[in-house]
1. So in segment 103-123, with the set limited to residues that are more than 19 Å from the chain's Cα centre (by Cα) and within 17 Å of ASN159 (Cα to Cα), which one is modelled with the lowest pLDDT?
2. Considering segment 63-119 alone, what residues qualify as being closer than 18 Å to VAL20 by Cα, of a type in the set (Ser, Thr, Tyr) and in contact with a Phe, Trp or Tyr (Cβ under 8 Å, 6 or more places away or on another chain)?
3. Every residue in segment 87-114 that is closer than 17 Å to PHE148 by Cβ and of a type in the set (A, V, I, L, M, F, W, C), please.
4. When segment 213-253 is examined, which residues are found to be under 11 Å from HIS192 (Cα atoms) and of a type outside the set (D, E, K, R)?
5. Name the residue that is farthest from PHE166 (Cα to Cα), counting only residues in segment 220-239 that are surrounded by fewer than 20 Cβ atoms within 10 Å (Cβ to Cβ) and under 16 Å from the mean Cα position of the chain (by Cα).
6. What are the pairs with Cβ atoms under 6 angstrom where one residue, in segment 34-46, is farther than 11 Å from GLN21 by Cβ and at pLDDT below 95 and the other, located anywhere, is buried (at least 21 other Cβ atoms within 10 Å of the Cβ) and polar (S, T, N, Q)? Sequence gap at least six, or different chains.
7. Quick check on ILE259: is it at pLDDT 90 or above and either within 23 Å of PRO72 (Cα to Cα) or surrounded by 16 or more Cβ atoms within 10 Å (Cβ to Cβ) (or both)?
8. I'd like the residue in segment 63-92 that is among the hydroxyl-bearing types (Ser, Thr, Tyr) and surrounded by 17 or more Cβ atoms within 10 Å (Cβ to Cβ) and, out of all such residues, is farthest from GLN139 (Cα to Cα).
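The values are calculated or read from the model by the stated rules, or taken from the named source; none is laboratory data. Everything numeric here is computed off the predicted structure, so don't read it as measured data. Here the Cβ positions follow ideal geometry from the backbone for every residue, glycine too, while neighbour counts run over all protein chains shown.
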Amino acid sequence: MHMKVYPFKIPKPINEHLIVQVDKEPIFYNRLHQHEEIQISHIINGSGKLLVGDSVHPFSKGDIFVIGGNLPHVFKSVLNEQDAHMITVFFTSRSFGADFFKLPYFNEFKTFFRNATAGFKVETNQKKIAQQLVKLSSQNKLKRFILFLELLDELGRANTQTLSRFVYSKSLSSNEGERLQIVFDFVLKNFHQPISLEQIAKMAYMTPNAFCRFFKQRTNKTFFQYLIELRVAHACQLLSSNKELNINEVADLSGFNSISNFNKKFKKIKGVTPTHYQQSLSF
């Protein structure tokens, strides 16, 4: 089985200190990858699932995410009539010199850098931060730099939700990253169907035992824990976006083979049953 390998480590231009990238495509780059830079992303349009570190989160229009350096992630978009559209700023803590952010002027940024390690979603002040990002993308050198510092200040003060509960202490090698990329890519396309350990280990060119160890060390979860969390995250998206679907249909579309199994796993992760979860959403 020969699969196209996409780069897992994505290098950025060397002489650029602050990179602003605008993505406007039918879908976002949909392969698990990592880069040294911290990434600040504003979703102008589009929705789907964000896999980051050991966790799965929904993303939709208006969301703002900060993803730490070398934190593996992928935005898996749902194909819509309109293009997916995102503005992203990339930089490292050394972009402006090794000691720049250590200057006493920037003590306030410590919270930002600490929170960025595991990634976070911005929960307050999204409108103002989104405007700053849009404005920043249209400015040149000095103005852009000043706006960037204001943006970090704003992000450091916002309420945030941590994205990844586990950060792998070592940077993944390209070989490890590419194996995980194949695994996550397959799982994202096929989580609604039965997936066996033998099948997934074979895709990573490993024995089932070796694969279990490999996966657990790098995500702090067993493969099946991860798979169930992905299925439950998908079920939550279905429950919150589609009132017409009944619980049986949601279970089936999310890859659960029985309603009792679905109820049990859902409650374990979310603390409530799927029915209660659906009722608590105000449509």
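1. GLU108
2. Passing the criteria: only SER93.
3. Selection gives ILE87, VAL89, PHE90, PHE91, PHE96, PHE100, PHE101, LEU103, PHE106, PHE109, PHE112, PHE113.
4. Just the residues of segment 213-253 that are under 11 Å from HIS192 (Cα atoms), to begin with: 227-228, 230-232, 234-235, 250-253.
Hits for segment 213-253 are LEU227, ILE228, LEU230, VAL232, HIS234, ALA235, VAL250, ALA251, LEU253.
5. Pass one, segment 220-239, residues surrounded by fewer than 20 Cβ atoms within 10 Å (Cβ to Cβ): 220-222, 224-225, 227, 229, 237-238.
Cutting the leftovers down to under 16 Å from the mean Cα position of the chain (by Cα) gives us 227, 229, 237.
Values: LEU227: 16, GLU229: 15, GLN237: 23 Å.
Checking each candidate, the answer is GLN237.
6. Going by the 6 Å Cβ cut-off, the qualifying pairs are GLY46/SER77.
7. Details: at pLDDT 90 or above: yes; either within 23 Å of PRO72 (Cα to Cα) or surrounded by 16 or more Cβ atoms within 10 Å (Cβ to Cβ) (or both): no.
Taking the combined requirement at face value, the residue does not satisfy it.
8. The initial filter retains those residues of segment 63-92 that are among the hydroxyl-bearing types (Ser, Thr, Tyr), namely 77, 88, 92.
Cutting the leftovers down to surrounded by 17 or more Cβ atoms within 10 Å (Cβ to Cβ) gives us 77, 88.
Working: SER77: 28, THR88: 14 Å.
Of everything passing the filter in segment 63-92, SER77 is farthest from GLN139 (Cα to Cα).
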